[in-house]
1. For the condition in the same structural domain as residue 264 (by TED's automatic domain parsing), surrounded by 10 or more Cβ atoms within 10 Å (Cβ to Cβ), assigned to a loop (DSSP other than H, G, I, E, B) and at pLDDT 75 or above, what is the one hit in 306, 335, 312, 285?
2. Assess whether residue 134 counts as being at pLDDT 95 or above and either assigned to a loop (DSSP other than H, G, I, E, B) or over 30 Å from the mean Cα position of the chain (by Cα) (or both).
């Protein structure tokens, strides 16, 4: 289990035919990228690449086979060309041709994995690496009458391996993706945030076992630690900050447009505030609340009066509206500021009938009337 996800635990195993040296590593999937990464790590651990590699007819190697005619997976051929190795598939239904690696897998299962506790994948792989060095390399080479240790035979075999190139073969998964209506890309059962300006645009996702990167052309626009959980939302705080700023700006712009449509004087009011270098966000919110409480006609008259006096501020508008309410003996309506959250602003309170409370009061009075003098 990784968080809420149940992932298959698979082991990549490569065995050197002469020394029986082992490379093994656990992965949380059997994707082509993990298969190729196992090769790259094995070559680095061996100190070179073997000239020939014998494979079973798995789909990561053989896509199609008719007799001796084999169509190899193109990604495997790229790796083989990078390291100058020759891939060779076993004959179909010939398990004896891959007996060395089959016995190695049984050896790993019985000697290392059985009943072994581990905290996570990294801990398991660290234990496996230590076990290979302390146990597997310290055993005698199977079938060797001289009693040579695997460690020594492996060191002698290193000279016959092909020298590694300057750069390892790239094994990252590369795919073209586009987000939906939200600023996230879905990959391997999880969502990764992207800049909101790139929503619904074609992007390139590059994923390794530890990292997920998003490219817009050649430019990297997002970078996240990869999660093997399921249903997790992996976010960059900077993406959220920019998105929140853009949403606030759009909300404020819609509020000012609404005021301009309802109150013609609002345009001049905002232009005056802007010319004085004052912020427009808070006045737009407060005037929108006053518009809801007092109506467009009253607010527009108050704005015109404030502009005529030259005291251009939201406080002056509120003062004019309150003064007019007193002159008409109307109760001034209080404007209650609410947090700008949909969960708060969208609350709806259902009024309940008060008649049941009156009935309770009448029952109490009737019980008191039924009591005799002196009763308690």
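1. Working: 306 fails: assigned to a loop (DSSP other than H, G, I, E, B); 335 fails: at pLDDT 75 or above; 285 fails: assigned to a loop (DSSP other than H, G, I, E, B).
After applying the criteria, what remains is 312.
2. When the stated conditions are applied, residue 134 passes them.
The values are calculated or read from the model by the stated rules, or taken from the named source; none is laboratory data. Given the structure is predicted, the values throughout are model-derived calculations rather than measurements. All Cβ positions, even for glycine, are placed from backbone atoms using ideal geometry, and neighbour counts span all protein chains on display.
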